[in-house]
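The values are calculated or read from the model by the stated rules, or taken from the named source; none is laboratory data. Bear in mind the structure is a predicted one, so any value in this text is a computation, not a measurement. Counting neighbours? That spans all protein chains shown, and the Cβs are built from the backbone with ideal geometry, glycine included.
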Ligand SMILES: Nc1ncnc2c1ncn2[C@@H]1O[C@H](COP(=O)(O)OP(=O)(O)O)[C@@H](O)[C@H]1O
Ligand SMILES: [Mg+2]
């Protein structure tokens, strides 16, 4: 018995109970482990950080992490938080969290072979939009053009020349804290009152509203940590603006999830009102757009040094080209009746490790 444990592996899923989506869907597949001769355990982050990790019998442990909701809500985006959403403090405590976590795990199991589906040192990357973009660009992935200037007059001059810009908080996600400006049309989903930028206390309902010509707002926003990107001209399909979420696992695209919205809307985030499309939607797209999207998604995930991620890609109007918008280390999972991602993911993990 003891001998068999030595050669067996344990898959450890780490997540929080508050995660009703991916973590829960993944744990439902734990029966697959036994069939492949693996053991399965799941822990929440508190168990690890408070040093309560139990003994594990096998010699090898493979960790798979889900988004640390409890930590995020308790420490980063708290109800008491008064600052602007998505600033540097978000990132710094997030980085610290993952460093602590990795340390705790390796210390708790000395002599064991520990591996990660996604290593904590790579998990943090996608939270920094500037860094992510740099890594992708260096790897030859097509990304949006970026403007480094934070000078109000230069920005105004850019839009007067006809440029259309996305101003996104550098450490934000889920379509929160985004501003779009073009000549005579400025739109943001931040609030602005008495010279202060206001952030919603929820992940949802970040409604866009017009702030055209509100110079005080733009000047205030330019003092935030931002990424300023040129807007790409998205390819429309059946009159809809859309992006593609590609789920990549160990160098393979497992699933493509199209999300669409009215072309007048600024973002294609489901969390902010875009619609998930059925697979039929993909059949309306040129084959080479899909092929290129797959290639760039795989390249992106490799560049960030992850094994599993969701890559958001927008096809452009110009001739079958695509732009990688972002890489999500913790993508939401599709409904199992649409696509059993957790099952395929489990299969891949058990196969590769
Ligand atoms: N450069 C861009 N050109 C066109 N649309 C963009 C651009 N950047 C972002 N968007 C739109 O805004 C959405 C949110 O941007 P993203 O960088 O993914 O931030 P978040 O992490 O908040 O989701 C994207 O899904 C896309 O629809
Ligand atoms: Mg996004």
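Numbers below:
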| read-out | value |
| --- | --- |
| Those residues of the stretch 187-198 which are touching a strand residue (DSSP E or B) at 6+ places or on another chain (Cβ under 8 Å) and not in a loop (DSSP other than H, G, I, E, B), in sequence order | 187, 188, 191, 192, 197, 198 |
| Check on residue 201, in a loop (DSSP other than H, G, I, E, B), in contact (Cβ under 8 Å) with a residue 24 or more places away in the chain and more than 16 Å from ligand 1 (Cβ to nearest atom) | yes |
| Number of the condition not met by residue 227 [criteria: (1) surrounded by fewer than 18 Cβ atoms within 10 Å (Cβ to Cβ); (2) within 16 Å of residue 325 (Cβ to Cβ)] | (1) |
| Members of the stretch 218-249 that are assigned to a loop (DSSP other than H, G, I, E, B), in contact (Cβ under 8 Å) with a residue 60 or more places away in the chain and away from ligand 2 (no atom under 16 Å from the Cβ) | 222, 223, 224, 225, 233, 235 |
| Hits in the stretch 241-253 (condition: surrounded by fewer than 20 Cβ atoms within 10 Å (Cβ to Cβ) and in contact with a helix residue (DSSP H, G or I) (Cβ under 7 Å, 6 or more places away or on another chain)) | 250, 251, 253 |
| Residue 305 assigned to a loop (DSSP other than H, G, I, E, B), under 19 Å from the mean Cα position of the chain (by Cα), away from ligand 1 (no atom under 16 Å from the Cβ) and not assigned by TED's automatic domain parsing to the domain that holds residue 179 | yes |
| Residues of the stretch 250-288 satisfying the condition of being assigned to a helix (DSSP H, G or I) and within 16 Å of ligand 1 (Cβ to nearest atom) | 270, 271, 272, 281 |
| Any hit, the stretch 265-276, residues being touching a residue at least 24 places away in the same chain (Cβ under 8 Å), buried (at least 20 other Cβ atoms within 10 Å of the Cβ) and in contact with a helix residue (DSSP H, G or I) (Cβ under 8 Å, 6 or more places away or on another chain) | no |
| Leading residue by the ranking (surrounded by the fewest Cβ atoms within 10 Å (Cβ to Cβ)) among those in the stretch 305-321 that are over 19 Å from residue 174 (Cα atoms) and in contact (Cβ under 8 Å) with a residue 40 or more places away in the chain | 318 |
| Of all residues in the stretch 187-196 being in contact (Cβ under 8 Å) with a residue 24 or more places away in the chain and away from ligand 2 (no atom under 16 Å from the Cβ), the one that is surrounded by the fewest Cβ atoms within 10 Å (Cβ to Cβ) | 195 |
